[in-house]
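What follows is a short report on a single structure.
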Amino acid sequence: MAPSLLHPPSQLSPAAALELSQQAPALLQSSPSTVSSSPLGAIFSASESPELWIKYENLLLSCLRTGDDLAAQQCLERLAARFGEDNERIMAFRGLVKEADAQHPGKLEAVLKDYEEILKENDTNIPITKRRVALLRSMGRVSEAVSALVQLLDFSPTDAEGWSELADLYLSQGMYPQAIYALEEVVILAPNAWNIHARLGEMQYMAATASGAGGSSYQKHMAESLKRFSRSIELCDDYLRGYYGLKLVTARLLKESGKPAKQNDEGGLRLPDTSTIERLNELATAKLSEIVRHSTAGDRGWRGYDEVEVAAARELLSEDASAASRIER
């Protein structure tokens, strides 16, 4: 399915982002350069629609990703003409364009200073706060980015995007308990987000398999990981990452099936019995095989999967089959 300018381009592949950015000349030429926001002015000027501004925003982001700074600047000027320079989103977009134009660290420091000056006047400017966090992270100043995010979440505790970014920052530093806590906040805010449940399962698995983890801590994290992956595929029965994680966890648990599954000291979840784990493993294997087969063949209804994830699933199934054949011999 071709990428659309009505959907955020942040998760698009480079090829898809390039395809979108190549639409810039046609869209900019066919769309009015200015649109009046007043009822009287609208009589004599081109009509506007919410979709137009969504397209401009997404086109701006795609053009920045592909290096088309001129088209990105044109999109920004049209957005600024419609919503004003004091609009918080416009401020953030202008800062983003400056970041993309920066040729050396000194320019980035200047952009960072601009963000701090804006926040001195209004410390609740969430788009600018998030741009500052992203810039600090890109500059390798992770501790400052974490502090800024914590401050943001103090006055905006229901910001799921902020909690998710905080979890990712903690994870990048190997701080698994903090990362898990932050992502659990996202689950509270979006309880039916199957991708977040799967991501939490991945974090729990990483915490369980990290060096130094063992005993009751290992049992706790593996049980939580199994729970999260199971919930993920319950919410979306064709979610590849959910089945991949479920296969990974159950395969590891089955290899350790000779070890006693004792209750952890904190009174948390207990791992299910071996027969249940085997059934979950078989379910994950069957579904992953189905996804890989249909996606590789390009069958209708199976074309939305990421090629890298499909390749990883194929490799996992191959490793499992090889291990099974060695056991039989």
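Couple of notes before you dig in:
- Here the Karplus relation 6.51 cos²θ - 1.76 cosθ + 1.60, evaluated at θ = phi - 60°, turns the backbone of the range 113-128 into coupling constants of 5, 4, 4, 5, 5, 5, 6, 5, 7, 8, 7, 9, 6, 5, x, 5 Hz, with x for every Gly and Pro.
- Taking every lysine pair in the chain that is 8 or more places apart or spans two chains, those with Cα atoms closer than 27 Å amount to 25.
- Per residue accessible area in Å² of the chain, where ligands, DNA and RNA are left out and the probe is 1.4 Å: 55
- Nitroxide proxy distance, nm - points 7 Å out along Cα→Cβ at Ala321 and Gln178: 4.4
- In plain terms, the C-alpha convex hull of the range 137-176 casts an average shadow of 2.7 nm² when viewed from every direction.
- Phi angles across the range 82-94 convert, under the Karplus curve 6.51 cos²θ - 1.76 cosθ + 1.60 with θ = phi - 60°, into 3J(HN,Hα) values of 7, 10, x, 5, 8, 5, 4, 5, 5, 4, 5, 5, 5 Hz, Gly and Pro given as x.
- For the range 86-191, average projected area of the Cα convex hull in nm²: 6.8
- Across the range 133-141, rounded Karplus estimates of 3J(HN,Hα) from the backbone phi angles (6.51 cos²θ - 1.76 cosθ + 1.60, θ = phi - 60°) give 4, 4, 5, 4, 5, 5, 8, x, 9 Hz, Gly and Pro being marked x.
- Per atom type, the chain shows carbon and sulfur on 52% of its accessible surface, probed at 1.4 Å.
- Label-point separation, Asp238 to Arg270 (7 Å along Cα→Cβ), nm: 3.8
- Extended-chain gain in nm, criterion 0.36 nm per residue less alpha-carbon gap, Ser138 and Gln23: 38.5 nm
- Where only C-alpha atoms are counted, convex hull volume of the chain per residue in Å³: 178
- Nearest-0.05 FRET efficiency for Asp123 and Ser13, computed from C-beta distance (R0 30 Å): 0.25
- Extension gain, Glu85 back to Glu309 (0.36 nm per residue minus Cα-Cα distance, nm): 76.5 nm
- Whether the range 70-115 is rounded, prolate or oblate, judged on the alpha carbon gyration tensor where a/c under 1.5 counts as rounded: oblate
The values are calculated or read from the model by the stated rules, or taken from the named source; none is laboratory data. Since we're looking at a predicted model, the values are computed, not measured. Every residue, glycine as well, gets a Cβ built from its backbone with ideal geometry; the counts of neighbours run over all protein chains shown. Accessible surface areas use protein heavy atoms only, side chains included; no ligands, DNA or RNA. Shrake-Rupley method; radii C 1.70, N 1.55, O 1.52, S 1.80 Å.
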